[in-house]
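Q: Below you will find the structure I want to go over with you.
The values are calculated or read from the model by the stated rules, or taken from the named source; none is laboratory data. Bear in mind the structure is a predicted one, so any value in this text is a computation, not a measurement. Cβ placement follows ideal geometry from the backbone for every residue including glycine, while neighbour counts extend to all protein chains displayed.
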Amino acid sequence: MDQATILSQTSAAPDSPKRKVTLRPRNAATLIIIDRTGRQPKFLMGKRHEGLAFMPGKFVFPGGRIEPGDRRMSVAGALSSRADDALAKRVPRASHSLGRALALAAIRETSEETGLFLGTTDYGPPETTPEGSWSAFKELGVMPDLEALHLVARAITPPGRPRRFDTRFFTIDRKAVVAEQPGIVTPTSELVELAWVSFAEARELDLPRITRVVLDELEVHIAGGFAPYLPIPFFYDRNGKNVREVL
């Protein structure tokens, strides 16, 4: 419905109650890059631009929604069966390629927002790539490797927000960064600052609520060595209450 239609309906019935529009969450993915070379693990976070409608000024993990090319990009390794199964749960009419597309979205969005390219150079560049950002992987000789990813959580943005996402949180070791493109993070880009932070340092930052919750889950997975039996939580709101379900 366009703005003119909305305005005409509002003026015709000024006393009618306003209907709340519930946005449908979009499939999205986030990537947590973990550096375990020091005494305590650190992970990469970025500060979002203050002018953005969604989570302005907050520190977040890089990520975003699925794009069509994510369903067609070549990969060097597959997701674990545990992650693939969890990604298909509680998804009506989930396609067999959903998990793969989500994992690739996390890798692509990370390259777009941070300039870090994750995967392997052992097999040479992909022969073909979808149009758009994936072409940079071919230029740099990088093949995405989904085998290196771990799924640690899923969360749906509560109703009433300007944007809503059904986000899957993946992790990957910093050793998977095989190329870097400078000049991506600027004062006018989506992420205006990057920082490698510990758990204690992260909790001192201005974080979205769900990011704080996922940090607790991430700490459990790191301590447990990302064992396949560790729970993968699914966070969402039901009747205004926060729900934690295990996938």
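Q: Taking the stretch 53-70 only, how many residues are in a loop (DSSP other than H, G, I, E, B) and either surrounded by 14 or more Cβ atoms within 10 Å (Cβ to Cβ) or modelled with pLDDT of 95 or more (or both)?
A: Number of matching residues: 7.
Q: Which pairs turn up if I take residues in the stretch 119-135 that are free of Cβ contacts under 8 Å to residues at least 12 places away in the same chain and look for partners that are of a type outside the set (Gly, Ala, Ser) and assigned to a loop (DSSP other than H, G, I, E, B) with beta carbon separation below 9 Å, at least 6 apart in sequence or on another chain?
A: Listed pairs, sorted by first residue: SER135/THR129.
Q: For ALA148, indicate whether it is touching a strand residue (DSSP E or B) at 6+ places or on another chain (Cβ under 8 Å), crowded, with 17+ Cβ neighbours inside 10 Å and closer than 27 Å to LEU218 by Cα.
A: Working: touching a strand residue (DSSP E or B) at 6+ places or on another chain (Cβ under 8 Å): yes; crowded, with 17+ Cβ neighbours inside 10 Å: yes; closer than 27 Å to LEU218 by Cα: yes.
Yes, satisfied.
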